[in-house]
Each structure stands twice: as C-alpha cells, then as structure tokens.
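Beneath this line is the structure, given in structure tokens, with notes to follow.
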Amino acid sequence: MASAQELLDAARSLPDEDPKLEELLTLVLATAADRSTPGKVLLFSFFLDTIEYLRQALTRRGVRVGVVTG
C-alpha cells in the first residue's frame, strides 16, 4: 500500500491540463451560444467531489452554475 507521502507526490506530479474538463467547457459554451437551444446543460455525477470540482472549474471560467444534491 502506498504511503501518504507517495500519494501526495503522485498528486503533485499530475499535469495541470484536464482534457475532459476542456471538452466539457467547449460543449457548455457551444450550447450556451446556440440560439436554437435553451442554452442549459444538465450534468449528473455520483461523486460529490466531482460535482464540486466541476462547479469551481466552470465558475472560474465564467459559467453560471447551480448545484443540486440529494
């Protein structure tokens, strides 16, 4: 089993880029710009940490985000 330090080192070595997030942002912005759609995107995730990560990342990029959990 990996030690806490090994896990921390592994996390620090991850790249700053997140291609899945960038693709999501592209989709969200394209949907918002498309006048033939309501301009909204609905995302589902089982993991609350993922929801929070996406909320923070999209908000930093100027996307208005609402979160409902339960």
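The values are calculated or read from the model by the stated rules, or taken from the named source; none is laboratory data. Owing to the predicted nature of the structure, the values given are computational and were not obtained by experimental measurement. Cβ sites come from the backbone with ideal geometry, for glycine too, and all protein chains shown count toward neighbours. Please note that ligands, DNA and RNA were not included when accessible areas were found on the heavy atoms of the full protein model with its side chains. Shrake-Rupley method; radii C 1.70, N 1.55, O 1.52, S 1.80 Å.
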task = From the list THR31, THR50, pick out the single residue that is touching a Ser or Thr at 6+ places or on another chain (Cβ under 8 Å) and in a helix (DSSP H, G or I).
result = THR31
ask   = How many residues does segment 1-21 hold that are over 19 Å from GLY66 (Cα atoms) and in a helix (DSSP H, G or I)?
value = 11
ask   = For segment 22-57, how many residues meet the condition of being closer than 21 Å to THR69 by Cβ and within 9 Å of the chain's Cα centre (by Cα)?
value = 9
Subset of segment 1-39 that is of a type in the set (Asp, Glu) and open to solvent by 70 Å² or more (accessible area, probe 1.4 Å) - its residue that is farthest from GLY62 (Cα to Cα) = GLU6
note = Those residues of segment 53-70 that are part of a loop (DSSP other than H, G, I, E, B) and out of contact with any Leu (no Cβ under 7 Å at 6 or more places or on another chain) come to a total of 7
ask   = Tally time: how many residues in segment 43-67 are without any contact (Cβ under 8 Å) to a residue 12 or more places away in the chain, surrounded by 10 or more Cβ atoms within 10 Å (Cβ to Cβ) and among the basic types (Lys, Arg)?
value = 0
